[in-house]
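Worksheet: the structure to be examined is printed underneath.
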Amino acid sequence: MHMSGFRTYLGGAVTYQDLVNTFGEPTFTPEDSGDGKVNYEWIIYFDGSYYSIYDWKTYDAQITREEYTNWHVGGKTGVLEVDGFTRAVLDEIRHTVYS
């Protein structure tokens with residue numbers, strides 16, 4: 001269920017475990033990817049829209065879980081909405097992981 005549309009990044013400091021600790025297990029795992037380009041993806045409903053957080057073309061699930069920090073964010077909304085979602089995600093991660 002990769003969502004094309006506006007995309008951005010979480011910023012390079014967020015790990016797989018940070019996402020699991022904050023949002024639970026991913027919605028989709030490597031077994032769900034038809035082409036292997038996305039190993040892990042979370043689908044999150046926020047402020048009336050669906051967004052996805054996912055890795056892109058890492059091709060190695062273990063490296064994604066242990067080393068990947070360049071998470072993509074996508075949504076079928078505009079720039080401002082995706083930016084607001086991204087800021088809310090980072091705030092929630094900081095609250096969950098660092099408190």
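The values are calculated or read from the model by the stated rules, or taken from the named source; none is laboratory data. Because the structure is a prediction, the values reported are computed rather than measured. For neighbour counting, all protein chains shown are included, and Cβ atoms are generated from backbone atoms with ideal geometry for every residue, glycine included. Surface accessibility is based on the protein's heavy atoms, side chains included, excluding ligands, DNA and RNA. Shrake-Rupley method; radii C 1.70, N 1.55, O 1.52, S 1.80 Å.
Enumerate by residue number the trypsin sites (Lys or Arg not before Pro) in region 30-92 meeting two conditions: DSSP loop (anything except H, G, I, E, B), and at most 12 other Cβ atoms within 10 Å of the site's Cβ. Before the final figure, lay out the partial values.
Details: sites: LYS37, LYS57, ARG65, LYS76, ARG87; in loops: LYS37, LYS57, LYS76.
Within region 30-92, the qualifying trypsin sites (Lys or Arg not before Pro) (loop, at most 12 other Cβ atoms within 10 Å) are LYS57.
What FRET efficiency, computed as 1/(1 + (r/R0)^6) with R0 = 22 Å and r the Cβ-Cβ distance, is obtained for ASP83 and VAL20, rounded to the nearest 0.05? Intermediate values should be presented prior to the final figure.
On the way: r = 24 Å, r/R0 = 1.08.
Result of the calculation: an efficiency of 0.40.
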Practice item. Using a 1.4 Å probe and ignoring any ligands, DNA or RNA, find the accessible area of PHE28 and quote it in Å² to the nearest 10. Key: 60
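If the chain between GLU31 and TYR50 were fully stretched, how many nm would it gain, using 0.36 nm times the residue separation less the Cα-Cα distance?
Values: separation 19, 0.36 × 19 = 6.84 nm, distance 2.18 nm.
Gain in length upon complete extension: 4.7 nm.
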**Study point:** Separation of the ARG65 and ASP91 label points, Cα + 7 Å toward Cβ, nm
**Key:** 3.2
Check your understanding: The list (1) 2, 14, 26, 27, 19, 9, 2, 0; (2) 3, 12, 18, 19, 16, 12, 9, 6, 3, 2, 1; (3) 2, 10, 19, 16, 12, 10, 8, 7, 5, 4, 2, 2, 1, 1, 1, 0 gives values of P(r) over Cα pairs in 5 Å bins from 0, in percent, and only one came from this structure; which label was calculated from it?
Key -> (1)
Study note, to complete from the structure: Env charge @ ALA61, Cβ radius under 10 Å, K,R +1 / D,E -1, value -3
